[in-house]
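What follows is one structure encoded as structure tokens, with my remarks underneath.
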Amino acid sequence: MTFNKYIFIVIAYVITMSIPCYAENEKLVQFFYLGKDYPSSPPLSLLEKILTDEGIKGAHLSMEVNNQMGRMFDYKFELKEIIVAKDEDPVESVKKHLQQSNKLIIADLESKDLIKLANSPATKNAIILNINAEDDDLRVSECHNNVFHIIPSLSMRTDALAQYLIWKKWKKWFLVSGKHQTDKDYVKAVARSAKKFGAKIVEQRSYKLETGNKRVDSGHQQIQTQMPMLTRGAKKHDVVFVADLNESFGLYLPYRTAEPRPVVGTYGLVATAWHRSFEQYAGTQLQNAFEEFAGRIMTEKDYLAWLAIKLLGKAVIRTQSIEPETLRAYILADDLNLAGYKGRPLSFRKWNQQLRQPILISSDRALVSVSPQEGFLHPKFYTDTIGFDKPESKCNLSSS
């Protein structure tokens, strides 16, 4: 075992040391990683490699630590991967397994499939940890008692960016968006954040131009011409706020805008749950352990899957139970204190079961800041200044 991995496991051991009792016989606990091969566009940059194991690698690293802990308490953890084809139904694929095993699911699914999974009779008493769907509706109006959101919502991301921009006194935003529904959802979140924190969207434009192959000899010339055309003549602004979740054009905005302005949003300065540049609060140890394990950097989805598996393992060991209601009560406890290596213990919002967590504000290769920013206060939880607070949500799962 290398030194970095040894240190990482020791840290996890110290966190779990307070468990008082031991089981007599080894008990098998099975987690399900449920995903789908959704169609996606190739990355705009050759530096971004297409990953076929994103998320799964993070889950497996966390399973190693869980089993290090589990051996001391006669628990054995197993992870079963169920990745269905793009034309298959992930709910049907997992049903037969749930009849004979624990109903503990890591859901790497888009919103439509996640809702179908949550509404299935087979998962009525399940624990589903969402690491993919960011939609605000899932935290505001379409909440489910069996779904816990590990991934930050769109509004958590835009609020985190907004707080930093307000702190910088960059209050005038020029918003440029793509044409997909996900881009429109992000635009809605940006508008909400602007209103919430006192910024102003001075102008909004949509990217409608089409280019040829960007990797032919003249590809950069097309882009160099189009981006100034897209941004020319905009009203006076401090930043260009880009909404391009489908990777159509956002990468090409920095350094090509008509006016010399910072680019923020889905490209440039971004808000993320995890970033390869983060090294504070033992983040370096986690980064190094993952790179040794997977042979590549830890992505946000890897981190979210790692955190989800860690949460389930901790819940099982601490409660000495695999009953969903017992685990649910533990997960929603005010004193959960899940360690996410981001400087403060993490817990869930009871009304919509969204994980509270600091959000990293990062450029491509460096951490810039961490939100919530200083000066943004909340009467109970500092991290509830980002995303939907209880009065803003129609959900009230805490009364279920």
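Here, each number is a calculation from the coordinates, and none is a lab measurement. Values in this document were obtained by computation on a predicted structure and should not be read as measured data. Glycine gets a Cβ as well: all are built from the backbone with ideal geometry, and neighbour counts include every protein chain shown.
The charge dipole of region 61-204, taken about its Cα centre with unit charges on the Cβ of Lys, Arg, Asp and Glu (plus for the first two, minus for the last two), comes to roughly 820 debye.
With all projection directions averaged, the alpha carbon convex hull of region 155-272 covers 6.8 nm².
For the pair THR225 and ILE50 in one chain, pulling the backbone fully straight at 0.36 nm per residue adds 60.2 nm over the alpha carbon distance. Positive end of the dipole of the chain (Cβ unit charges, origin at the Cα centre): among GLY233, PRO391, VAL187, the Cα lying farthest that way belongs to GLY233.
If the segment from SER41 to LEU332 were pulled out straight at 0.36 nm per residue, it would be longer than the present Cα-Cα gap by 101.0 nm.
Below 8 Å, C-alpha to C-alpha, sequence gap of six or more: please give me the relative contact order for the chain in percent. 19 percent. Considering only PHE376, PHE241, PHE31, the mean-square fluctuation computed in a Gaussian network model of the chain, springs between alpha carbons under 10 angstrom, is largest for PHE376.
Where does the charge balance sit around TYR330 when Lys and Arg score +1, Asp and Glu -1, over other residues with C-beta under 12 Å from its C-beta? Charge balance in the 12 Å sphere: -1. Rounded to the nearest 20 debye, the dipole magnitude of the chain is 1280 debye, with +1 charges on Lys and Arg beta carbons, -1 on Asp and Glu beta carbons, and the Cα centre as origin.
Sparse packing (at most 10 other Cβ atoms within 10 Å of the Cβ) combined with a DSSP loop state is found for none of the GluC sites (Glu not before Pro) in region 59-89.
The DSSP beta bridges internal to the chain are antiparallel in roughly 20% of cases. Structure remark: mean-square fluctuation, Gaussian network model of the chain, C-alpha springs under 10 Å; the largest value among LYS103, LYS350, LYS95 belongs to LYS95.
Extension gain for the segment GLU81 to ALA366, taken as residue separation times 0.36 nm less the Cα-Cα distance, is 99.3 nm to one decimal. Remark: spin-label model distance LYS112-GLU323 equals 3.9 nm, labels positioned 7 Å along the Cα→Cβ axis. The helix-based estimate of mean residue ellipticity at 222 nm for the chain, built from -39,500 (n - 2.57) per DSSP H run of four or more residues and divided by its residue count, is -10500 deg cm²/dmol to the nearest 500. Computed over every Cα-Cα pair of the chain and binned at 10 Å starting from 0, the pair-distance distribution P(r) comes out as 5, 22, 31, 26, 12, 4, 1, 0 percent. For the chain, modelled as a GNM with alpha-carbon contacts under 10 angstrom, which of PRO43, PRO372, PRO90 fluctuates the most? Maximum among the listed residues: PRO43.
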